[in-house]
C-alpha cells in the first residue's frame with residue numbers, strides 16, 4: 001500500500017481531486033452539509049501528500065511518472081521537480097485553509113447550490129495541480145481549460161453582476177488559452193514533440209527560425225492573459241470583486257499563480273534564457289510591462305472605496321512583481337518571483353478572508369464605513385488585517401519584505417535602477433492604500449449616537465472563519481521569520497543551472 | 001508573393017478566419033455575437049492544426065496494405081487530429097459555460113448589449 005502511494009504520488013493529487021469532484025455530487029446529493037466535510041477531508045489529504053512530495057523531491061530529486069508506462073516522447077509524462085512540488089504545496093496549503101473558512105460563508109452567499117459549488121472547487125484545484133505537475137505542453141492546455149471553466153462557474157455564482165464579469169473573463173480566458181494552443185501548434189509543427197524535456201533538447205538547435213519566436217510570443221501572450229499581466233488584466237478586477245468571498249479568497253491567491261508557473265516553466269526550463277535573450281527582447285518587454293502594471297495597479301487600488309475591489313487591483317500590482325522577477329532573468333529575480341508567489345498567495349488569501357469576515361459580520365466591506373467600532377467588534381480580524389497589510393507594504397519581519405528584498409537584489413545586480421525605483425515607489429503606494437484602511441480601523445473615532453463606543457462588546461466571527469484567518473496571519477509571520485530556510489533549501493534548488 | 005498563396009493558402013485562410021474571430025470578440029457589442037466570434041477563433045486554430053498535419057498523397061498510418069500503405073513516409077501524422085479532438089471537446093464545454101452565463105446575465109438585466117449592460121450596472125451603483 002505504501003509503495004503504491006509512493007509510486008503514484010505525482011499523479012495522485014490531480015486524480016484524487018478530479019475523482020472526488022465527481023464523487024462529491026453523489027455523496028452530498030441529499031445532504032449539502034456533507035459536501036463541506038468531504039471537501040475538507042480531500043483537501044487535507046492532498047495537503048499532506050503535497051508536503052510529503054516536497055520532502056521526497058528534496059531528498060531524491062525530480063520524480064518522473066509515466067502514464068501507462070509509455071516512455072516520454074510518446075506517452076504523457078508527469079514530472080515532479082522542485083518547482084512543481086513547491087507550487088503544489090502552496091496551492092494545496094492555501095486551498096485547505098481557505099476552504100476551512102467556507103463553512104459559514106458558502107451557505108450564506110451561495111444559497112442552495114453548495115454541493116455543485118464544492119464540486120467546482122475540487123475540479124478547479126485538480127486543474128491547478130495538473131498544470132503544475134504535467135510534463136506535456138498539450139496536457140497543460142487541457143488542465144488550463146479545466147481549471148478556467150471551473151473558475152468561471154465559481155465566479156458566476158456571486159452577486160448580481162457576477163455572471164457578466166465571469167462572461168468577460170471567459171472571453172478573455174478562452175482567447176488566452178487559444179493563443180496558447182496556437183503557440184503549441186507552432187512548436188509541434190517545428191519540433192514534432194510535445195514533451196517538455198524533449199522540447200528543451202530540440203529547441204536550441206532550431207532557435208533561429210521565426211516559427212519558434214512566433215510560438216514563444218503566442219504562448220507568452222496566452223499565459224499573460226491568464227496571469228492578468230498588465231495590460232492584459234482587464235478581466236480581473238470585476239471578476240474578483242463580484243465573486244463570492246470564498247471564490248475570490250481561493251482564486252486570487254492561486255488562479256493567476258499557476259499561469260505564472262507556466263510562464264516560468266516555459267521561459268526558464270523549456271526555451272531557456274539564452275535562446276530567448278539571443279533572439280528576442282521579450283524578457284525586457286515583460287519586465288517593463290510588469291513595472292507599469294505595478295504602478296498602475298497600485299494607483300487604481302488607491303482610488304477604490306471597497307476593500308474587495310481594492311484587493312483585486314492590488315492583485316494586478318502583485319502579479320507585476322512576479323512578472324518583474326521573471327523579466328529580470330537573474331537568479332535573484334527568479335528567487336524573488338517564486339518566493340513572491342508563495343508570499344502573495346498567503347497574504348492575498350488572508351486579506352480576502354478578512355474582507356469575507358467583514359462582509360459576514362458587518363454586511364459590507366466598504367472603506368468609508370469602517371471605524372474603531374469595527375476593531376472593537378472584531379479585534380482578531382482587525383489584527384489579522386494589520387499583519388497582512390504590513391506584509392503587503394513590506395515591513396521586515398513579515399514575508400512581504402523578503403520577496404521584495406530579493407527582487408531589489410536582482411535589479412541591483414543587473415543595474416536596472418528604474419526597476420529598483422519602481423519597487424520602492426510601489427511600496428510607498430501600497431502603504432498609502434493599506435494604511436488608509438488601518439487608520440480607519442485603529443484611529444478614526446466612531447461618530448454615531450448609539451451604541452456608545454465603550455459599550456460595544458466583542459462580536460467576532462464564528463471559529464470556523466476565525467481560525468483560518470489567524471492561521472494564515474501566523475503563517476505570514478512565520479514564513480517571514482523562516483524565509484532563509486525556504487529560500488536556501490527549496491527555492492535555490494529551483495533556479496536552473498546556467499542562469 | 002504568389003508563392004505564399006499557392007503554397008500556403010490554407011494558412012492564409014486560417015489567418016483570415018482568425019481575424020474575423022478576433023474582430024467579433026473585440027468589436028461586436030452583443031454577447032452572443034462575441035460568443036460566435038470566439039467560436040470562429042477556436043475553429044480557426046483547429047483548422048490550423050489539421051492543415052499543418054496534411055500531406056499531399058499521404059494516407060492513414062495503418063500498416064495493413066489493404067487499408068493504408070506500408071510506407072512510413074506516406075503516413076499522415078495522426079497526433080494533431082487527436083489533439084484537436086480534445087480541443088473540440090474543450091471548445092464545446094466553453095460554449096456551454098458561456099451560454100449559461102449569457103442566460104443568467106439576460107435574466108438579471110434583460111439585455112445582451114454590452115453598452116446597455118454597463119449602463120445598467122453603473123445606474124445600480126449610483
What FRET efficiency comes out for the pair residue A:458/residue B:120, r = Cβ-Cβ distance, R0 = 51 Å, nearest 0.05?
0.80
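Can you give the average number of partner chain beta-carbon atoms within 10 Å of each beta-carbon in peptide A:157-164, as a whole number?
That works out to 5 on average.
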Rg/Rh ratio calculated on Cα atoms of chain A (Kirkwood radius):
0.96
For q values of 0.17, 0.18 Å⁻¹, compute log₁₀ I(q)/I(0) with the Debye formula on a Cα-only model of the range A:10-98, without solvent.
-0.77, -0.83
So, relative contact order of chain A in percent, Cα under 8 Å, 6 or more apart, is 14
Rank the residues A:444, A:348 as a footprinting-exposure proxy: fewest other Cβ atoms within 10 Å of their Cβ go first.
A:444, A:348
Label residue A:51 and residue A:108 with points 7 Å out from Cα along Cα→Cβ: what is the distance between them in nm?
2.9
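Is the range A:244-374 rounded, prolate or oblate when judged by the Cα gyration tensor, a ≥ b ≥ c being the square roots of its eigenvalues, rounded requiring a/c under 1.5 and prolate requiring a/b larger than b/c?
Judged from the Cα gyration tensor, the range A:244-374 comes out prolate (a/c at least 1.5, a/b above b/c).
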Per 10 Å bin from zero, what fraction in whole % of the C-alpha pairs of the range A:57-177 is there, up to the bin with the longest pair?
12, 34, 32, 16, 5, 0
What full-extension length gain, to one decimal in nm, is calculated for residue B:66 and residue B:108 as 0.36 nm per residue of separation minus the Cα-Cα distance?
9.1 nm
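Across all directions of projection, what mean area in square nanometres is found for the Cα convex hull of the range B:1-88?
For the range B:1-88, averaging the hull's shadow over all directions gives 7.5 nm².
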Output needed for the range A:158-200: three equivalent-ellipsoid semi-axes, defined as square roots of 5 times the C-alpha gyration tensor eigenvalues, in descending order, whole Å.
34, 10, 5
Hey, got the Cα dimensions of the range A:256-328 along the principal axes, in Å, largest first?
45, 21, 12
Within chain B, helix-based [θ] at 222 nm, where runs of 4 or more DSSP H residues each add -39,500 (n - 2.57), nearest 500
-25500 deg cm²/dmol
Everything considered on the Cα gyration tensor (a ≥ b ≥ c; rounded for a/c under 1.5, else prolate if a/b is larger than b/c, else oblate), the range A:346-499 must be described as prolate
Need one value for B:74-85: mean number of C-beta atoms belonging to other chains within 10 Å of its residues' C-beta atoms.
2
Compute the angle between helix A:162-191 and the longest alpha-carbon principal axis of chain A, please, reported from 0 to 90 degrees and rounded to the nearest 10.
20
Taking Cα pairs under 8 Å and at least six residues apart, what relative contact order does the range A:1-130 come out at, in percent?
39
Please work out how much length the chain gains when fully extended from residue B:92 to residue B:12, using 0.36 nm per residue of separation minus the C-alpha to C-alpha distance, in nm with one decimal.
26.3 nm
Using the alpha-carbon atoms, what tilt in degrees (0 to 90, nearest 10) does helix B:114-125 show relative to the longest principal axis of chain B?
40
Could you give the angle, 0 to 90 degrees to the nearest 10, between helix A:2-27's Cα long axis and the longest principal axis of the Cα atoms of chain A?
50
Starting at 0 and stepping by 10 Å, how many percent of the alpha carbon pairs of the range A:362-425 end up in each bin?
19, 34, 23, 18, 7
FRET efficiency (residue A:295, residue A:3; Cβ distance; R0 56 Å; to 0.05) is 0.60
Within a Gaussian network of chain B (alpha carbon springs, distance under 10 Å), most fluctuating of B:79, B:71, B:101
B:71
Quick check: pseudo-label points 7 Å beyond the Cα along Cα→Cβ at residue B:56 and residue A:489, how many nm apart are they?
6.3
Expressed in nm to one decimal, what extension gain is obtained for the pair residue B:73 and residue B:2 from 0.36 nm per residue of sequence separation less their Cα-Cα distance?
22.7 nm
Convex hull over the Cα atoms of the range B:77-123, averaged projected area in nm²?
4.1
Considering Cα pairs under 8 angstrom that are at least six residues apart, work out the relative contact order of the range B:21-126 and quote it in whole percent.
25
Ignore the peptide's own chain and count Cβ atoms of other chains within 10 Å of each Cβ in A:129-142; give me the average, rounded.
1
For the range B:40-110, just say rounded, prolate or oblate: build the C-alpha gyration tensor, square-root its eigenvalues into a ≥ b ≥ c, call rounded for a/c under 1.5, and beyond that prolate if a/b exceeds b/c, oblate if not.
prolate
Inter-label distance for residue A:474 and residue B:28, nm, one decimal - labels placed 7 Å from Cα along Cα-to-Cβ
5.4
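Values in this text are rule-based calculations from the coordinates and carry no lab data. Keep in mind that what you see is a predicted model, and the values were worked out from it rather than measured. Cβ coordinates were reconstructed from backbone atoms using ideal geometry, including for glycine residues, and neighbour counts include every protein chain displayed.
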